[in-house]
Amino acid sequence: MNVVKTSKKPVIQLKGLCKSFDGKQIITGLDLDVNDGEFLTILGPSGCGKTTVLRLIAGFETADDGQITIANKDVTDIPAEQRLVNTVFQSYALFPHMTVFENVAFGLRMQKVPSSDIEPRVMEALRMVQLDKFAPRKPHQLSGGQQQRVAIARAVVNKPKVLLLDESLSALDYKLRKQMQLELKQLQRKLGITFIFVTHDQEEALSMSDRIIVMRDGYVEQDGSPREIYEEPTNLFVAHFIGEINVFDAIVKERLDSKRIMADVEGRHSLIHCDLDVAIGDKVKVLLRPEDIRIEEIHNGDHTTGILGKVKERTYKGMTLDSVVQLDSGKSVMVSEFFNEDDPDVDHSLDQKVAITWVESWEVVLADE
Ligand code: ATP
């Protein structure tokens, strides 16, 4: 069972949720609480079951087993239209023959909201996404980003408790996507609606969410804040899925105190922060993000406490200069250093003899699996 504990008030509770397609188990006993007003992202590789979780919450799929509660009401057997959730799809799904106004008004008309209430509510929703001036236009007269905003206005106009967003920004180009990420986050804060956002894009998840659920094969691998997920991954899958990471095999040499060990990392005795229950001789994995590693240039006669190697590749990335250092053992290590034209130390030449070091306590240690 994947148990996700929260201290705040949950608006959605999934208990022991199971779903199979064609005899194949896709979601296996998923337990998840989503807090009121939270921006929660479900992140995971293609096919891990993210959309299935969203469709189960929305009521577009029926669970084989388990329970779904929305705002304290068991909705497991209640049809989609009676759940207090709306969904924004990747494809926007706007009605092409209707104006922007009518697209947003559609749901309210279906709910038989009095027509005198419809106009102010639609215009309020359009103002929120800065499209009130576009109310008379048809979808084909809008850019992709504007169409996406109409889809969002349409989804929030009837003030749902929860908004489900399925890869909602993936059709947009990079710049627009960045802009919409910011706008969506601001809109969510303004509305105070709970957002459940599905994506396979790590950067998008890190920059938008209050909390991230990392999924693999229908299971939750980690549940935490963006910072926890990035800085303290609890296993190799999460560590690799969220950004670049270097993994070193190490052997425990000495236990210094409850929080620190000495370990042999690539032949170097290193002080490592580790509160795992490990004994001398145990194998562990030491994980370091590229930006946590430093490169020292080594010239004849220099002494270093670092691990020796040579710079084999350099890539200028604007803000950073990324290097691949091949250690004397043959292992390749990725290093990302902030680039400053006035700091020649960062601009290492190819085949330069170097040593890598890292900032103590920034490493993550995992038991050898
Ligand atoms: P992606 O990021 O590619 O959208 P995902 O994590 O959202 O992937 P799902 O769409 O939930 O994954 O699909 C999970 C698995 O369930 C996949 O193997 C998919 O083929 C299968 N699946 C989903 N819906 C159905 C269906 N209606 N019938 C049969 N199999 C399905």
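Only one of the listed residues (K317, K353) is over 25 Å from the mean Cα position of the chain (by Cα) and at pLDDT below 95. That residue is K353.
Of the residues making up region 47-93, just one is over 30 Å from A239 (Cβ atoms), within 11 Å of the ligand (Cβ to nearest atom) and of a type in the set (D, E, K, R), namely E61.
Residues in region 12-46 that are surrounded by fewer than 16 Cβ atoms within 10 Å (Cβ to Cβ) and in a strand (DSSP E or B) were compared, and the one that is farthest from the ligand (Cβ to nearest atom) is G16.
Do we have any residue at all in region 307-315 that's outside any loop (DSSP other than H, G, I, E, B), in contact with a strand residue (DSSP E or B) (Cβ under 7 Å, 6 or more places away or on another chain), polar (S, T, N, Q) and farther than 26 Å from F241 by Cα? Within region 307-315, none of the residues are outside any loop (DSSP other than H, G, I, E, B), in contact with a strand residue (DSSP E or B) (Cβ under 7 Å, 6 or more places away or on another chain), polar (S, T, N, Q) and farther than 26 Å from F241 by Cα.
A count restricted to region 273-299 and to residues that are surrounded by 14 or more Cβ atoms within 10 Å (Cβ to Cβ) and within 30 Å of D347 (Cβ to Cβ) stands at 13. Between M334, M319, the distinction of being closer than 19 Å to W358 by Cα and open to solvent by 40 Å² or more (accessible area, probe 1.4 Å) belongs to M334 only. For region 330-350, does any single residue satisfy the condition of being assigned to a loop (DSSP other than H, G, I, E, B), modelled with pLDDT of 90 or more and not β-branched (V, I, T)? Yes: region 330-350 contains one or more residues that are assigned to a loop (DSSP other than H, G, I, E, B), modelled with pLDDT of 90 or more and not β-branched (V, I, T).
To keep it simple, each residue is scored yes or no on (1) crowded, with 17+ Cβ neighbours inside 10 Å; (2) within 13 Å of the ligand (Cβ to nearest atom); (3) under 19 Å from G49 (Cα atoms).
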site	(1), (2), (3)
S170	no, yes, yes
D173	no, no, no
L184	yes, no, no
F195	yes, no, yes
R211	yes, no, yes
D217	no, yes, yes
E232	no, no, no
F241	yes, yes, yes
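Listed by position, the strands (runs of 3 or more DSSP E) contained in region 181-280 that have at least 1 residues being at pLDDT 95 or above are 194-199, 211-216, 219-224, 246-257.
The values are calculated or read from the model by the stated rules, or taken from the named source; none is laboratory data. What you are looking at is a predicted structure, and each value in this text was computed from that prediction instead of being measured. Don't worry about glycine lacking a Cβ; one is built from the backbone with ideal geometry, like all the others, and counts go over all protein chains shown. Side chains included, ligands, DNA and RNA excluded: accessible areas come from the protein's heavy atoms. Shrake-Rupley method; radii C 1.70, N 1.55, O 1.52, S 1.80 Å.
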